[in-house]
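Have a look at the structure below before the remarks.
Derivation of every value follows stated rules applied to the coordinates shown; laboratory data play no part. Keep in mind the model is a prediction, meaning the values are calculated, not measured. All Cβ positions, glycine included, derive from the backbone under ideal geometry; neighbour counts span all protein chains shown.
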Amino acid sequence: MTSTVEKKELVDNHRDGTKKELVRKQTAVYVYEAPLRLWHWVTVLSVLTLCVTGYFIGVPLPTQPGEASENFLMGYIRFAHFTAGYVVTIAFIGRIYWAIVGNSHARELFYPKVFRKAWWKEVWHEIRWYSFIEKTPKKYVGHNPLAQLGMFVLFVLGIIFMIVTGFALYSEGLGQGSWADVMFGWVIPLFGQSQDVHTWHRVGMWWIITFIMIHVYVAIREDIMSRQSLISTMISGWRMFKDDKPD
Amino acid sequence: MSQLETFYNVMRRQGITRRSFLKYCSLTAAALGLGPAFAPRIAHAMETKERTPVLWLHGLECTCCSESFIRSAHPLVKDVVLSMISLDYDDTLMASAGHQAEAILEETIQKYKGKYILAVEGNPPLNEDGMFCIVGGKPFLDQLKHAAKDAAAIIAWGSCASWGCVQAAKPNPTQAVPIHKVIKDKPIIKVPGCPPIAEVMTGVITYMLTFGRVPELDRQGRPKMFYSQRIHDKCYRRPHFDAGQFVEQWDDEGARKGYCLYKVGCKGPTTYNACSTVRWNEGTSFPIQAGHGCIGCSEDGFWDKGSFYDRLTDIKQFGIEKNADEIGMTVAGGVGAAIAAHAAASAVKRAQHKGEQE
């Protein structure tokens, strides 16, 4: 879906000091379909929950006063962590399904076109743009190649790692022979022992936190400095272009 | 011992008359709900079934497994050693020594090919052709391989034989390895722990003798009946964990009240063993009950995870030695600083080009 909006702007006329009305054509493309946007925001909420609760599972809050029977703080924190873990996993499975049935932009996340030379050229162009060497960025309907690469390495691989190690640890509580043990129990000996899986799961948390920091910064910066909308796109689904110049 | 004793021989040796033995067989048949015809069959089995010969080898170890084993209460270790099995060779427990002892080992291997159980305490060092552990003038590695070749099954006693334990801890100068790295063609039952619980050791042996088969093992080769749950899963302090009540430091109010030892580094949540149910010394106590966290002695590489008193343990890959939070906060801090710098540079750049774009 593509549509054009006419955007009127008042521009100062430097010669005589009057204001002139300028009509700019803005092209808008429907990029992110509703299920994809829903997935994004569900993931945002659950990953934030996971990071906060996960942090306090490793480094618990100060001791609660009173009898043990009156308190269940760690229990609630762990419950929230496990629930959010399920939500993020089910949402991610749904996201993979949407990559198959959704529009072409829904697939970008999962395969960066690493075997295409032209793609790498554009990655290089983006790196130069971020290094303040290129004056103008290119226009992209979906993700730019550098963003694709970052998304894939930091987010997709990161979240898969967290889901796998997370459910491996969860299987320890469910017990041997449980579905989680059958599916993910092999992960524990792979890492050595349970303690190692805990440690790497926590490293994974910092990996995801680093991703969030970069993701949010880049989204805001691109929204301001690039030639297309970013943040509003993940809410409305429409990508607005700020100019009509080619590329 | 030229002829292995049968169970009948053992009972006779302990002063039970043939009349009593036959009564016992009849009673057993009745108790099991079998017909009278089964009494002679039970008697026949008792008369002909030989006690299983066990060879107990010692590699690089500290004998803590043997020390634990001889304190078994259920069953009493004397019953295990003198009645249930035929412990043919165990250089720390046997009376004979030197060439005599080595001759018995050889004799059992020859005579009971494929029938004996090999129990291994400790592990072989591989560096310098195994010269760091010599038994009877030869590297332990050779003895182990030789005895393992004709064994029916192998029991790996303790964390040494199962995982490597302290002698395999970094930097492992002798290149000590767990026995499954050397013996790959035999069923190995891992009974880890430093040492394993006495009743777990005798329990594994009793199971094998009673049912004539290897107990059900988990993915890593440990008997499920003792190693399928973590200390944490059955810990009597678990309610304090769920409530969020912890010993914050030694000697504080929480320590006196018996709160959870998670924050002072207890490895109960990551350690598979039976301590919190079977306990130690006839079920008297176990480390957590004594007020100290579990150190995770039955887990692979427990010496190499940093302090016993930290919950977040160290990562030792890639030449670093920090815990996940130290690494994570450093990286996140660095990325945060880079973002701030990049944002500032972007703002400056944008301000410079503002005029040009219009």
* Structure fact -> In degrees rounded to 10, the 0-90 angle between helix B:198-211 Cα long axis and the longest Cα principal axis of chain B is 50 degrees
* **Net charge of Cβ neighbours under 11 Å - reference B:His342; Lys, Arg +1; Asp, Glu -1** => +2
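If you count the DSSP beta bridges with both ends in region B:114-211, what percent of them are antiparallel, to the nearest 5? Walk me through the intermediate numbers first.
Working: 3 of 12 bridges.
Looking only at bridges with both residues in region B:114-211, the antiparallel portion is about 25 percent.
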* Whole-angstrom gap from region A:63-103 to region A:129-206, using each part's C-alpha centre -> 16 Å
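Students often check this: by mean Cβ neighbours within 10 Å, which of B:182-188, B:64-70 ranks highest, and how do the rest follow? If you can, show how the numbers build up before the last one.
Working: B:182-188: 14.7, B:64-70: 21.1.
Put in order of decreasing packing, that is B:64-70, B:182-188.
Compute the relative contact order of chain B as a whole-number percentage, counting only Cα pairs closer than 8 Å that sit 6 or more residues apart in sequence. Spell out each step's value before the answer.
Numbers: 586 pairs, mean separation 44.6, N = 358.
About 12 percent, as a whole number.
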* Mind checking the mean number of beta-carbon atoms from other chains within 10 Å of the Cβ atoms in B:333-344? -> 3
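Report, as a whole number in µm² per second, the diffusion coefficient that Stokes-Einstein gives for region B:205-358 at 37 °C and 0.692 mPa s using the Kirkwood radius over alpha carbon pairs. Each step should come with its number before you reach the end.
Numbers: Rh = 19.5 Å.
Roughly 169 µm²/s, to the nearest whole number.
Mind ranking A:211-220, B:81-90 by how tightly packed they are, going by the mean number of other C-beta atoms within 10 angstrom, highest first? Each step should come with its number before you reach the end.
Numbers: A:211-220: 16.5, B:81-90: 19.9.
Descending mean neighbour count gives B:81-90, A:211-220.
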* Asked: Taking one equal scatterer on every alpha-carbon of region B:144-274, how large is log10 of I(q)/I(0) by Debye at q = 0.11, 0.12, 0.19 1/Å?
  -> -0.52, -0.60, -1.06
* Please give the average number of partner chain Cβ atoms lying within 10 Å of the Cβ of each residue in A:57-67, rounded to a whole number. => 5
* Classify region B:231-311: rounded, prolate or oblate, from the alpha-carbon gyration tensor (a ≥ b ≥ c, eigenvalue square roots; a/c under 1.5 rounded; otherwise prolate if a/b is larger than b/c)? -> oblate
* Structure fact -> Filtering trypsin sites (Lys or Arg not before Pro) in region B:61-115 by DSSP loop and by at most 13 other Cβ atoms within 10 Å leaves B:Lys113
* **Qualifying aspartates and glutamates (Cα of each under 16 Å from Cα of B:Lys184; at least 8 residues distant if same chain)** => B:Asp142, B:Asp150
* Asked: Once both labels are modelled 7 Å past Cα along the beta-carbon direction, what's the B:Lys224-B:Ala341 spacing in nm?
  -> 5.6 nm
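Decide, for region B:1-140, between rounded, prolate and oblate: order the square roots of the alpha carbon gyration tensor eigenvalues as a ≥ b ≥ c, take rounded if a/c falls under 1.5, and otherwise choose prolate if a/b is larger than b/c, else oblate. Working shown, then result.
Details: a/c = 2.82, a/b = 2.33, b/c = 1.21.
Since a/c reaches 1.5 and a/b is larger than b/c, the shape of region B:1-140 is classed as prolate.
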* Tell me, how many Å apart are the Cα centres for region B:282-345 and for region A:35-54? -> 26 Å
* Asked: When only C-alpha pairs under 8 Å and at least 6 residues apart count, what is the relative contact order of chain A, in percent?
  -> 23 percent
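For the protein assembly as shown, what proportion of DSSP beta bridges, expressed in % and rounded to the nearest 5, is antiparallel? Numbers along the way, then the final one.
Numbers: 26 of 46 bridges.
The answer is about 55 percent antiparallel.
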* Which whole-angstrom value gives the distance between the alpha carbon centres of region B:96-130 and region A:227-244? -> 76 Å
* Relative to the longest principal Cα axis of chain B, at what angle does helix B:18-31 sit, 0 to 90 degrees, rounded to 10? -> 50 degrees
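Too long at a 18 Å Cα-Cα cut-off: which of A:Lys25/A:Lys242; A:Lys135/A:Lys242; B:Lys49/B:Lys113; B:Lys113/B:Lys145; A:Lys135/B:Lys349; B:Lys138/B:Lys186?
Values: A:Lys25/A:Lys242 8 Å; A:Lys135/A:Lys242 16 Å; B:Lys49/B:Lys113 16 Å; B:Lys113/B:Lys145 14 Å; A:Lys135/B:Lys349 10 Å; B:Lys138/B:Lys186 23 Å.
Cα-Cα > 18 Å for B:Lys138/B:Lys186; rest within.
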* Write down the percent of antiparallel bridges among all DSSP beta bridges whose residues are both part of chain B, to the nearest 5. => 35 percent
* To do: Arrange the following residues from fewest to most other Cβ atoms within 10 Å of their Cβ: A:Leu146, A:Leu50.
  => A:Leu146, A:Leu50
* Structure fact -> Looking only at lysines whose Cα falls under 16 Å of B:Lys234's and that sit 8 or more positions away or on another chain, we get B:Lys224, B:Lys267
* Which whole number gives the average, over all residues in B:324-331, of C-beta atoms from other chains lying within 10 Å of the residue C-beta? -> 5
* To do: Return the loop-located trypsin sites (Lys or Arg not before Pro) in region B:215-303 (DSSP other than H, G, I, E, B) with at most 13 other Cβ atoms within 10 Å of their own Cβ; answer none if there are none.
  => B:Arg219
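At 37 °C and a viscosity of 0.692 mPa s, what translational diffusion coefficient does Stokes-Einstein give for chain B, taking Rh as the Kirkwood radius over Cα pairs? Give it in µm²/s as a whole number.
Details: Rh = 23.9 Å.
Answer from the Stokes-Einstein relation: 137 µm²/s.
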* Efficiency by 1/(1 + (r/R0)^6): what FRET value for A:Ser3 and A:Leu61, r their Cβ-Cβ distance, R0 = 45 Å, to the nearest 0.05? -> 0.30
* Nearby aspartates and glutamates by direct alpha-carbon distance to A:Lys117 (threshold 16 angstrom, same-chain neighbours under 8 apart not counted) -> A:Glu126
* Structure fact -> B:His146 and B:Ala73 label points (each 7 Å along its Cα→Cβ direction) are spaced in nm at 4.1 nm
* Could you grab the relative contact order for region A:107-247? Cα pairs under 8 Å, six or more apart, rounded to a whole percent. => 20 percent
* How far, in degrees from 0 to 90, does helix A:194-225 lean away from the longest principal axis of the Cα atoms of chain A, to the nearest 10? -> 20 degrees
* To do: Arrange the peptides B:148-154, B:343-349 so that the one whose residues have, on average, the most other Cβ atoms within 10 Å appears first.
  => B:148-154, B:343-349
